[in-house]
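The values are calculated or read from the model by the stated rules, or taken from the named source; none is laboratory data. Source: prediction; values computed, not measured. Every residue, glycine among them, receives a Cβ derived from its backbone with ideal geometry; neighbour counts consider all protein chains shown.
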Amino acid sequence: MKLKYIFYGILVLGLSILSIVSYKEKKSSKACESKTNSNGIPVLQPLQDKMPDLSASYCNDKKIRIDNFFHKVWNKEDNVSFLIAQNGKILYENYNGFANRYKKDSITKDTPLHIASVSKVITATAVLMLVDAGKIKLEQKVTEFLPNFPYPDVTVLTLLNHRSGMRNYAYFTYEDGNWDRKKELTNADIISVMNDRHIGLESKTDTRFAYCNTNYAMLALIIEKVTGLKYPDAMQEMIFKPLGMNNTFVYETSKHYGKVSLSYKGNMDLAVEYLDGVYGDKNIYSTPRDLLKFDLAKYSSCYLNPELIKKVYHGYSNERKGQRNYGLGIRMMEFEKGEPFYYHNGWWHGNTSCYINMRKEKVTMFVISNKYTKKTYQTKKLAPLFGDYPFKTIDEKEE
């Protein structure tokens, strides 16, 4: 009899555990399924799970060392927004210089600056959300979305990982009178020039890596086709608004000309040209605090399915052995020893940017400048403060 009662007890306990797990899974699934708008467009949700706390002594030690780095690299003549966070907690931030030096508008934590090619990370995120929702397949040909696209072998995947073989629109629109540079170029115009001027591929599709802004300009058009929204509105609806990124937007000349932070070359000359109307590859303005919200959301269980996340952080270009590779909207360095290092840099006119995504340590670094400088890219030297990354520190001489 005792065995019988023990058996029933184990059975009841097992069923109870299964019910709890099932309830949690259904609750989680329901929460994730509800994160679409009325048109079924996926929206990126803030991270709900609490990350582990960091001790006061740990935070203070990191703050001192980061501050030392900052003041060795940057000076009072620089324009910079700088933020380092771990587990969602800001360890250090500093803002310096002018968004508009003529108006004496200082850069603050709320000042949107042009993040240049770090915009690609956000464009890729929107595309991957649509893939996860079943509205796009990575293997789909671009011609299925853009019928007048002239390269039949190019897929969504080869746009994301820069293996399409296309030429950079900044070059072929500039050459041989292919475009009237007194007129602002748009994403759709790029396809028209490719067709009208018979612009060939630089290399056969999916045979080699070649970083190319044209890839992400085309991804922006695919986002528009699938969502039925213009790219700036799609980004607002899918990412910026749900995350509360209130100081983030896609630049549109008709709306924002003369109202945004200026872009200065190294000699402080203003930088403006006909390519400033193209988005997807660039043209997002943001702040480090807003971008921290974006970075944290990608740790949510509602973000992407695990298999798709693996594809994001997988290197696709292995023709030549080396440390550098590219995933889906993210650069990476893979070392023989140490953790993979995920990042993306940007440069457009006088704007430079750096996004570092140390996933194992949950460390995020955002640095943006609107006055041309390569100092932005030195930020990786802070990585050894948090993990096993073989970079020279600021105190070591570069070879």
Residue ID - farthest from Y231 (Cα to Cα), chosen from residues in the range 182-219 that are of a type in the set (S, T, Y) and crowded, with 16+ Cβ neighbours inside 10 Å: T205
The range 227-248 residues that are under 19 Å from A116 (Cα atoms) and assigned to a loop (DSSP other than H, G, I, E, B), paired with ones that are at pLDDT 95 or above and aromatic (F, W, Y) (beta carbon under 7 Å, 6 or more apart): M245/F294; T248/F240; T248/Y285
Verdict on K241 being charged (D, E, K, R) and either touching a strand residue (DSSP E or B) at 6+ places or on another chain (Cβ under 6 Å) or at pLDDT 95 or above (or both): yes
Scan of the range 190-217 for residues that are part of a helix (DSSP H, G or I) and in contact with an Asp or Glu (Cβ under 9 Å, 6 or more places away or on another chain), ordered by number: N213, T214, N215, Y216, A217
Condition check for D290: at pLDDT 95 or above, in a loop (DSSP other than H, G, I, E, B), charged (D, E, K, R) and crowded, with 21+ Cβ neighbours inside 10 Å: no
Subset of the range 35-77 (residues that are at pLDDT 95 or above, of a type in the set (D, E, K, R) and within 26 Å of the chain's Cα centre (by Cα)): D53, K62, K63, D67
Condition met for G97 (under 22 Å from the mean Cα position of the chain (by Cα), crowded, with 16+ Cβ neighbours inside 10 Å and at pLDDT 95 or above): no
From K310, K282, residue being over 13 Å from the mean Cα position of the chain (by Cα) and under 20 Å from T123 (Cα atoms): K310
Residues within the range 285-307 that are farther than 25 Å from N87 by Cβ and under 18 Å from the mean Cα position of the chain (by Cα), tallied: 1
Qualifying residue in the range 260-272 (condition: in contact (Cβ under 8 Å) with a residue 60 or more places away in the chain, surrounded by fewer than 22 Cβ atoms within 10 Å (Cβ to Cβ) and closer than 25 Å to Y342 by Cα): no
Strands (runs of 3 or more DSSP E) contained entirely in the range 64-171, each with at least 1 residues that are hydroxyl-bearing (S, T, Y) and without any contact (Cβ under 8 Å) to a residue 60 or more places away in the chain: 89-96
Qualifying residues in the range 360-396 (those that are in contact with a Ser or Thr (Cβ under 9 Å, 6 or more places away or on another chain) and of a type in the set (K, R)) - the one farthest from R101 (Cα to Cα): K381
